1. Evaluate the distance, in nm, between pseudo-label points positioned 7 Å from the Cα of Arg171 and of Lys96 along their respective Cα→Cβ axes.
2. Determine, from the Cβ-Cβ distance of Gln182 and Ser39 and an R0 of 25 Å, the FRET efficiency 1/(1 + (r/R0)^6), rounded to the nearest 0.05.
3. Work out the length of the dipole vector of segment 100-241 about its Cα centre, built from +1 on the beta-carbon of each Lys and Arg and -1 on the beta-carbon of each Asp and Glu, and round it to the nearest 20 debye.
4. Given points 7 Å out from each Cα along the Cα-Cβ axis, report the Gln46 to Glu218 separation in nanometres with one decimal.
5. Helix 183-195 against the longest principal axis of the chain: what's the angle in degrees, Cα atoms only, rounded to the nearest 10?
6. Taking Cα atoms, how many degrees apart are the long axis of helix 100-121 and the longest axis of the chain, rounded to 10 and kept between 0 and 90?
7. In deg cm²/dmol, rounded to 500, what helix-only [θ] at 222 nm does the chain give when every DSSP H run of at least 4 residues adds -39500 (n - 2.57) and the total is split over its residues?
8. Between Ser143, Ser39, Ser123, where does the largest GNM mean-square fluctuation fall for the chain, given springs only between Cα atoms within less than 10 Å?
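Since every read-out is calculated from the coordinates, none of them should be taken as a lab result. Not measured: the values here are computed from a predicted model. Neighbour counts run over all protein chains shown; Cβ positions are idealised from the backbone, glycine included.
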Amino acid sequence: MKFQKLPQAQYRKRSSVIAEDIVQRIRRNDLSAGMKLPSERVIAEQLGVSRPSVREAISALQIVGLLESRPGDGTYVCERIEFEDLSRKAVRVLEKNDSPLELLHARRALEIGAARLVIKVASQGEIERIHNAWQQKYEAGTSGNYDGYLERASEFHMTIARATRNSVIERMTGDLLQATQQPLWLNMRRNYYAADESRIKEMLDVHDRIVTALTRRETEPAILAIEAHFDILIQRTYNLNDPYSEPETFGH
């Protein structure tokens, strides 16, 4: 079974078109229940699309129950028959959710600027609050409290935003963090950590570098640590060598 290059479709996320293509293959029994999908790299090459778009499409199909991810093995077709309804649900997930990759790129740009400002204007008390928020996140992460870790992670980044003393940056950071609660990003983040439990430690290590640089008010180390944070997150989440790869939209 081989995927064929996708036709152009006006003003739609390519991930939506990919999801519909996979659903059609399941309906035709090209992909039957229990069958393992080809790797994302192979699907992307055969369809002529980017791997981030394929990963987002597969994640949406996992959310609605058409596909399941088996860490360390691959992605498999589930035993389901309500193709039309599930296909529509998967496309709605993709069309109504922001691309996690675009969210990560936006956060990277905003948080680098926020760090610069924190180093310049934050009081010692605000730096201490950042450190305290970091300690709570670290304790949750090292104790295996996944939900608590994610909750503390949002509070940690909001504490940095507040320390800029800029209400616009604080509001924008809050909006971006709120978007990471969308189903598509939640599922992809869950898969990210399920694939390798050591990834929490990897994230904790790079966040420790961020906090150390902010505490010492060292701009360049802070920026390098933030860049490393998002590079690692993007590369691991999307299995990419290039953290600047972008999902595509047909018609643009």
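1. Simple spin-label model gives 2.6 nm for this pair.
2. Efficiency computed from Cβ-Cβ geometry: 0.45.
3. Using only the charged Cβ atoms, the result is roughly 280 debye.
4. 4.9
5. Orientation of helix 183-195: about 80 degrees from the principal axis.
6. Tilt of helix 100-121: around 0 degrees.
7. Only helices count here, giving -22500 deg cm²/dmol.
8. Ser143
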